[in-house]
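**Q** Please see the structure below; I have some questions.
What follows draws every value from the coordinates through simple rules; no lab data is involved. Quantities reported herein were computed from a predicted structural model and do not represent experimental measurements. No Cβ is skipped: glycine too gets one built from the backbone with ideal geometry, and neighbour counts run over all protein chains shown.
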Amino acid sequence: MEKLTEIIFHISEKSPFTDFLLKNYQFNPDVEWFHVVYWPIGDEYRILHLRASSSNDLEIPELDFATRLKGLSELSEEEVCFLLGTYGRFPSILSPNPKVDLETVSHEIREIILPTKGYLLFKEQGMEFYSYLKKANSGQSHRWVENWNKKKGKVRTRHLFKGTEEIEVDLFDFFPQEEMGDFFLNKPTSATYFLLNQLHEGYKDQFVVEGIFKAEYLGDLFYEEPREKEVIEGAVQLIETKNGWLRLSLFVAFPKLGIRETWEFGLNYQYNSYPWLDYIELEITELVQQEYRIQLSPFRIVFGEDYFDDFFLIVSFQNEEKFIKYLTRK
């Protein structure tokens, strides 16, 4: 906890952290002020919260991030993820949604919104919500969420929503209003896992097997005009936590697709850093010595096998014996 740092600073304040921030993030030219919560890792920094402004109107809330973190009822994935998703948008810890009665909504809706105290907050929740109400596949659900955020057409003016089972809901009752309003956020899964890894003994990484990967984007079946295929390479790690969870971690940068982010997904438990990273199957196919292939789907699988894009990963590890040992362990 002592490494957690929260600051407000001007872009002119030269420091290793400022250099890191400007190197790894893109900002509008008029942005000069930053409110950041970060955790130092050697010469690098893990950003947990970031707001930028062109004027000196940012401030650290009276109930700051560390205080809220200490006040959580439990140090769990749901609680930490909710804190990361709402911090900086509300003056204190967001209370449960008073407009939604969890006892009266359907079981399916309750399961979707229960982790975020009765609210629709993250994009994957929006996809699940729309899929349930309209029996839509994941591609249709993804488009609906993106259109909602873009205010395209009349999609955000439909207060009353009728599903295929004549279920009528007022969508605006499910959003936290105040500053954020009716907008779906990217779920901070990776940041949540990182923070728990630092604070919770059960999440500590025990070993790392280093390797390399080749990621190939095979084409886009979702759009009428498919985007061009693309192949990249980079470093990959196989990581185990103290409780035996295994995950792959790799930084991917597809210039043509506009993707520049860290992908992580569990091999013996349900975890991924983004909802569209679901892999088709856990089984890893050995291609040649020390090379293994994993196929990924960019959309969350909601109903059946509705894949739209194809990514393949080929990973190679220097220590094949150690990789196989932990990969096949029950």
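**Q** Which entries of K134/K214; K123/K256; K3/K23; K23/K256 have Cα-Cα distances beyond 26 Å here?
**A** As for pairs spanning more than 26 Å Cα to Cα, those are K134/K214.
**Q** Grab the eigenvalues of the alpha-carbon gyration tensor for the stretch 14-113, scale each by 5, take roots, and send me the semi-axes largest first in whole angstrom.
**A** 32, 16, 14
**Q** Using 0.36 nm per residue of separation minus the Cα-Cα distance, give me the extension gain between E111 and D64 in nm, one decimal.
**A** 14.0 nm
**Q** List the GluC sites (Glu not before Pro) within the stretch 40-129 that fall in a DSSP loop (any state other than H, G, I, E or B) and whose Cβ has at most 12 other Cβ atoms within 10 Å.
**A** Taking the stretch 40-129 and a limit of 12 other Cβ atoms within 10 Å, the loop GluC sites (Glu not before Pro) found are E59, E62, E74, E103.
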